[in-house]
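Structure, as structure tokens:
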Amino acid sequence: MLKNSYTKEWKSWGLPFKYKCVPAFSPYLLTTVFVGDFLLNYFHITNDEEILKVVLSIADYLFENYYVEEAKSYFVYSLHSCLSYNIYNATSLALGFLSNLKEYLSFRNLEKLEKVYNTLLSSQIKYNIWGYSDDNNLIDLLHSVYTIEGLLEYSKNLKDDNLDVIYKAYKFTKKFFITKNGFCIRTLPRISKLELKELLSYIKRIIKYKVKLFTSNDEARLWGYAAALRLGVKMGNFDLAFNILNFVKNNLFVDEGYFKYKSSDSRIFIRHEAHIFEAISLLFYRAKGGEMSEVN
């Protein structure tokens with residue numbers, strides 16, 4: 001993994017293909033944060049100081065290159081112009097990752113994180129949820145979960161006086177994206193164009209006819225199921241997490257030993273597999289340790 005970093009003096013990671021104006025292997029905020037989070041967990045297990053140095057170099061890289069301080073402060077998604085803006089879920093996951101390094105960060109960098117945190121709180125649209133970015137108010141399960149997850153991590157590490165906002169966003173996500181049997185919905189209509197009654201009507205139709213969605217684009221992808229499962233675990237809602245797990249096991253798992261992309265799509269993608277296995281591992285690790293909360 002370390003050999004695949006895009007830069008040597010600053011550790012960062014990208015994707016092996018071109019996307020829009022971003023060349024292959026150029027770093028992305030989200031990819032770099034995923035790697036950093038993995039390495040930080042690895043350090044906690046091994047106490048390998050060399051790994052910690054890499055993790056801190058990732059933090060330095062993000063603050064030096066991706067942080068933007070304006071009236072609303074954030075981390076850009078990419079250093080290339082077509083994606084050099086605030087995508088909420090990526091900014092939030094970066095916030096959560098960096099907050100786990102609080103004991104190593106300067107006071108100035110801690111101030112930057114608080115500004116990013118306040119930006120995210122002030123960027124909610126209706127009903128305690130976030131769109132995709134400043135210019136895209138599409139509400140998507142995967143990206144909504146990531147936004148909540150990063151804020152939850154930051155609040156746990158550095159600031160707990162706005163947890164009510166996070167819990168409301170979580171409850172919205174649970175109510176409108178996940179059915180009682182664990183079926184997950186991929187997207188909601190662009191909420192700024194809807195009245196609440198219209199949104200509720202839309203959700204009721206999805207829940208009532210969810211079986212038909214197995215042949216549509218309204219079902220979440222495997223990665224979305226993984227994110228929802230993991231958030232359920234982190235919020236202490238083990239019933240929700242096991243409902244999602246059972247749905248995935250009964251509808252997406254195949255005899256060959258992998259999980260399908262969607263109920264109606266048997267393709268296999270390694271990054272989706274990695275996310276669902278990571279989420280399941282977290283579920284059983286936390287469940288075995290009996291770590292529960294009062295959020296349901």
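The values are calculated or read from the model by the stated rules, or taken from the named source; none is laboratory data. Here the structure is a predicted model, which means the values were calculated and not measured. Positions of Cβ are backbone-derived with ideal geometry, glycine not excepted, and every protein chain shown enters the neighbour counts. Quick note on the areas: whole protein, heavy atoms, side chains included, nothing else; ligands and nucleic acids left out. Shrake-Rupley method; radii C 1.70, N 1.55, O 1.52, S 1.80 Å.
Think of the range 1-103 as a dipole: +1 on every Lys or Arg Cβ, -1 on every Asp or Glu Cβ, centred on the Cα centre; then among Ser99, Ile51, Tyr19, Tyr19 lies furthest on the positive end.
Here is the list for the range 1-76: trypsin sites (Lys or Arg not before Pro) lying in DSSP coil, each with at most 10 other C-beta atoms within 10 angstrom of its C-beta, are Lys8, Lys20. Across all directions, the average flat footprint of the convex hull enclosing the Cα atoms of the range 48-163 is 7.8 nm².
Charges were assigned to the Cβ only: +1 to each Lys and Arg, -1 to each Asp and Glu. The resulting dipole of the range 220-285 about its Cα centre is roughly 200 debye.
The Kirkwood radius of the range 218-278, taken over pairs of alpha-carbon atoms, gives through the Stokes-Einstein law at 25 °C and 0.890 mPa s a diffusion coefficient of 214 µm² s⁻¹.
With a cut-off of at most 16 other beta carbons within 10 Å, and DSSP calling the residue loop, which trypsin sites (Lys or Arg not before Pro) in the range 88-168 qualify? Please list them. Intermediate results must be reported in sequence, preceding the final value.
Numbers: sites: Lys102, Arg108, Lys112, Lys115, Lys126, Lys156, Lys159, Lys168; in loops: Lys159.
Answer by residue number: Lys159.
Among the protein heavy atoms, those of Asp60 account for about 70 Å² of accessible surface (1.4 Å probe, every chain in place). Pairs from the table (Lys102/Lys171; Lys18/Lys288; Lys20/Lys159; Lys53/Lys262; Lys11/Lys180) lying more than 32 angstrom apart at Cα are Lys18/Lys288; Lys20/Lys159; Lys53/Lys262; Lys11/Lys180.
Of the chymotrypsin sites (Phe, Trp or Tyr not before Pro) found in the range 4-46, those in coil by DSSP whose Cβ has at most 15 other Cβ atoms within 10 Å are Phe17, Phe25.
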